[in-house]
Amino acid sequence: MWRSRGYVEVEELKQMGLVPPPERMERGPVAVTECVEEIPCNVCEAACRLGAVSVEGLRGRPRVDWDRCTGCGVCVGVCPGQAMFVVSLAGGEGRVTLPYEFLPKLAPGMRVKLLSRRGEELGVGEVERVFEVNKTQVVTVRVPGELVMEVRAVWPL
Amino acid sequence: MRIAEHPILEFKRENPHTFAFEGVEVEAFEGESLAAALWAKGVRGLRRVSWGVLGPFCMIGYCSGCLVEVDGRRTRACLEPSRPGLRVGRIGDYVPRLAAEQPGKAEELEVDVMVVGSGPAGLSAAIVSGESGLDVHVFERHFRPGGQLVKQTHKFFGSGELFGGLRGFQIAERLVSRAREVGVRIHTRAPVLGYFKEGFFAVSEGERLLLVKPRAVVVSTGAVERLLPFPGNYLPGVMGAGAAQTLMNEYGVKPGERAVVVGAGNVGLIVSYQLLQAGVRVLAVVEVMPEIGGWLVHAAKIRRLGVPILTRHTVVRAEGGEQLERVVVAAVDERMEPVPGTEKVFDADLLLLSVGLTPESRLLAQMGARMVWSPELGGYVPYRSEYMETSIPGVYVAGDASGIEEATTAILTGRVAGYSAAVRLLGPRRDLLEKREEALRLLREARRTPFSARVVRGLERVIVRVAQ
């Protein structure tokens, strides 16, 4: 159970219907929410200009409308729980967009360690794109396609 | 050691100067507490007692681990701003002196609303009463306003109207500037000493004694971190999680190099993440319960960076000579007793306790408000109406002093208390009543989470319904 582990498994996310199908990931970047408890928060919903994220009341689980979402990554930067990610399999290449708040600040071209939800090293990836939302860096990193639902943090090499 | 660069914070570090501690020069900057500058210098033990050396535990003026003598006066190093040339020393065998100074003349100050404490609850109460046109004075014993929001670097949950998405210190900045904008007067370094039955509060502000006569009072004095009993818990380097936040997030001083955190509630999880941001290694978070107490997302943030969370574990002792050197933890059985043979030893110079808070409600008790022991709310709290009025008419309570919750509910109970004070002084104006109802609605919404169930149970026993 995630409350003794401290993280949620992909299988659990799938059972909750939170993982977009591979076809959608192949079409282009799409947001994945790993916010599975009912937190009194709707920052993601308020930040999405496309209306692609909806939270029931102030405290339901957020749901992403995979057709409306363009994978822009704004929700990744604003989420106070750092529980929003963007994944993509477009062009047969894996990409994950995730929040990063450490030093050194990351920039495109830098190589970083790829970490799983358990903190295991999954290899090395290259940073492709970075933007900042209130001091949180929103980092897109290239990863092997089979790891888009596994990589959830990066760390400087 | 000072943090040179931080991913979220910028430390101003203006007007470098020195003061002397036991004859040794200590570098400090404007706006730094003596305790922070001493910690940066590597001075850990500030007090020698018969059984050993003590260090600071709370860093916010409640424990006595940082008591020092400054220019012949006894004070807490965490509440004393550094100034050039101060002479600071250990207190030794302190004997209170007869009043050596000439008693200054007391000044009287009549105010509409007196707010005690300038955290999120107090400032929110002050803002809404100030917006209503009342003369509002906030009294804060620290030298800067904002309470414990100042040291929160993470983004807060919530909606836009409740500052959701902003970082704690940014919320503090907004509250302070809004309070000043609406004419609230914030007195810093102005501890409220007590209430006198003649109808005034004694406040010590700088060199003068103020006798404050308010028409309404909001007590928003916050909470104190709990200590855990285990051998070695007094060693310098064992401190409250909030104390480490004060050092690293408020002053940019690294609290240690290698840390163990006790308690996987939100405070423990958040402080662990902030330690990593400050460049401190987090060796483990230990939690006595079988499950993590805080939100999963806060746990996930540190798990993915490789920090282990040891559930069903507790700290059994801290070891070290003049300061913490090792932490011993062990698994616990069904009765929460440590299981022999399961000990793990961590070489750590920092052991943070995040095992809960206790409401700081002594001022209300001293005033004679009816108090009740509430395990759900964290300790002694005042009975109050749903409009936050205590058993003393015109005296309101808000924030953690009314029961341990978090910053959002502190802001909302502060608003309710502030509107209630305004209604008392200005009459039941419709706009005030409507805004108070709106704050109460948001409060109910914020408390509808599984984690609030316990708090809500506690509140059912301490809220006295009144006919309006």
**Request:** Could you tell me the accessible area of B:HIS17 in Å² (1.4 Å probe, neighbours in place), rounded to the nearest ten?
**Result:** 30 Å²
**Prompt:** B:LYS105: which lysines have alpha carbons under 17 Å from its alpha carbon, excluding same-chain residues fewer than 8 sequence positions away?
**Reply:** B:LYS213
**Complete:** With Rh as the Kirkwood radius over Cα pairs, chain B has Rg/Rh of 0.96
**Asked** Largest first, what is the accessible-area ranking of B:TYR383, B:TYR273 with a 1.4 Å probe?
**Response** B:TYR383, B:TYR273
**Asked** Using 1/(1 + (r/R0)^6) with R0 = 51 angstrom and r between the beta carbons of A:ARG49 and A:GLU121, what's the FRET efficiency to the nearest 0.05?
**Response** 0.90
**Fill in**
Largest-first ranking of B:ASP400, B:ASP71, B:ASP431 by accessible area, probe 1.4 Å, whole protein assembly kept, is B:ASP71, B:ASP431, B:ASP400
**Asked** Can you list the residues of the stretch A:57-81 that have at least 50 square angstrom less accessible area with all protein chains present than in their chain by itself, probe 1.4 Å?
**Response** A:LEU58, A:ARG59, A:PRO80, A:GLY81
**Complete:** Between A:GLU56 and B:ARG189, the FRET efficiency computed from the C-beta separation at R0 = 56 Å comes out, to the nearest 0.05, as 0.75
**Using θ = phi - 60° and Karplus 6.51 cos²θ - 1.76 cosθ + 1.60, couplings along the stretch B:349-357 (whole Hz; Gly, Pro as x)** = 10, 9, 10, 9, 9, 10, 10, x, 10
**Item:** FRET efficiency, B:THR342 to B:VAL456 (Cβ-Cβ, R0 41 Å, nearest 0.05)
**Value:** 0.65
**Message:** No partner Cβ under 4.7 angstrom, meaning no disulfide-compatible partner by this rule: which Cys of the protein assembly as shown qualify?
**Reply:** A:CYS35, A:CYS41, A:CYS48, A:CYS69, A:CYS72, A:CYS79, B:CYS66, B:CYS78
**Fill in**
Calc'd 3J(HN,Hα), the stretch B:248-264, phi into Karplus 6.51 cos²θ - 1.76 cosθ + 1.60 (θ = phi - 60°), Hz, glycine/Pro = x, comes to 7, 9, 8, 10, x, 10, 6, x, x, 10, 9, 10, 10, 10, 9, x, 10
**Prompt:** Which entries of B:LYS254/B:LYS435; A:LYS113/B:LYS41; A:LYS135/B:LYS254 show an alpha-carbon separation above 32 angstrom in the structure shown?
**Reply:** B:LYS254/B:LYS435; A:LYS113/B:LYS41
**Request:** Under 13 Å from the Cβ of B:PHE143, count the other residues' Cβ atoms, weight Lys and Arg +1, Asp and Glu -1, and hand me the total.
**Result:** -1
**Message:** I'd like the carbon and sulfur percentage of the solvent accessible area for the stretch B:323-426, probe radius 1.4 Å, heavy atoms only, ligands and nucleic acids excluded.
**Reply:** 51 percent
**Prompt:** Once you list every other residue whose beta carbon is under 12 Å from the beta carbon of A:ARG61, what net charge do they have if Lys and Arg are +1 and Asp and Glu are -1?
**Reply:** -3
**Asked** In the stretch B:1-25, which residues have a backbone nitrogen under 20 Å from the label point lying 7 Å from B:ASP71's Cα in the Cα-to-Cβ direction?
**Response** B:15-25
**Over the protein assembly as shown: Rg over Rh, Cα atoms, Kirkwood Rh** = 0.98
**Message:** With θ taken as phi - 60° and the coefficients 6.51, -1.76 and 1.60, list the Karplus ³J(HN,Hα) couplings across the stretch A:138-153 in order, rounded to whole Hz; mark glycine and proline as x.
**Reply:** 9, 10, 9, 10, 7, 9, x, x, 6, 9, 4, 9, 10, 6, 10, 7
**Message:** Taking the Kirkwood radius as the inverse of the mean 1/r across Cα pairs, report the Rg/Rh of the stretch B:165-273.
**Reply:** 1.05
**Request:** Between A:GLY145, A:GLY119, A:GLY73, find the one with the highest GNM mean-square fluctuation for chain A; connect C-alpha pairs within less than 10 Å.
**Result:** A:GLY119
**Asked** Just how much of B:THR408 is accessible, in Å², when a 1.4 Å probe is used and the result is rounded to the nearest 10?
**Response** 20 Å²
**Message:** So if I restrict to the alpha-carbon atoms in the stretch B:421-468, what is the Rg, and what is Dmax, the biggest pairwise distance, in Å?
**Reply:** 13.4, 38
**Request:** Would you rank B:VAL253, B:VAL466 by solvent-accessible area, highest first, keeping every protein chain in place and using a 1.4 Å probe?
**Result:** B:VAL466, B:VAL253
**Message:** Less than 11 Å from a label point 7 Å out along the Cα-to-Cβ axis of B:SER177: which backbone N atoms in the stretch B:133-170 qualify, by residue?
**Reply:** B:170
**Asked** Taking a point 7 angstrom from the Cα of B:ALA106 along the C-beta vector, which residues in the stretch B:176-210 have backbone N less than 19 Å away?
**Response** B:190-210
**Asked** To the nearest 10 square angstrom, how much accessible area does A:MET1 have with a 1.4 angstrom probe?
**Response** 120 Å²
**Cα shape, the stretch A:5-157, gyration tensor, a/c 1.5 rule** = rounded
**Complete:** On the accessible surface of the stretch B:17-90, probed at 1.4 Å with all protein chains in place, carbon and sulfur together account for a percent value of 47 percent
**Fill in**
Given backbone amide H placed at 1.01 Å from N, residues whose amide H is under 5 Å from that of A:ARG61, ignoring those fewer than 5 places away on the same chain, are A:GLU56
**Prompt:** What's the local net charge at B:GLY168, with K and R +1, D and E -1, over the other residues with C-beta under 9 Å away?
**Reply:** +3
**Prompt:** Which number do you get for Rg(Cα) / (2.2 N^0.38 Å) in the stretch B:9-52?
**Reply:** 1.34
**Prompt:** How big is the A-B contact in terms of buried accessible area, both chains counted, 1.4 Å probe, rounded to the nearest 100 Å²?
**Reply:** 3500 Å²
**Asked** How many nm is it between the label spots at B:ARG281 and A:GLU11, if each spot is 7 Å from the Cα in line with the beta carbon?
**Response** 3.4 nm
**Asked** What spacing in nm lies between the two simple spin-label points modelled at B:TRP51 and B:GLU319, each 7 Å away from Cα in the Cβ direction?
**Response** 1.9 nm
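The values are calculated or read from the model by the stated rules, or taken from the named source; none is laboratory data. Treat the numbers as computed from the prediction; the structure is a model and nothing was measured. Note that we place each Cβ from the backbone using ideal geometry, even for glycine, and neighbour counts take in every protein chain shown. All accessible areas refer to the heavy atoms of the entire protein, side chains included, with ligands and DNA or RNA removed. Shrake-Rupley method; radii C 1.70, N 1.55, O 1.52, S 1.80 Å.
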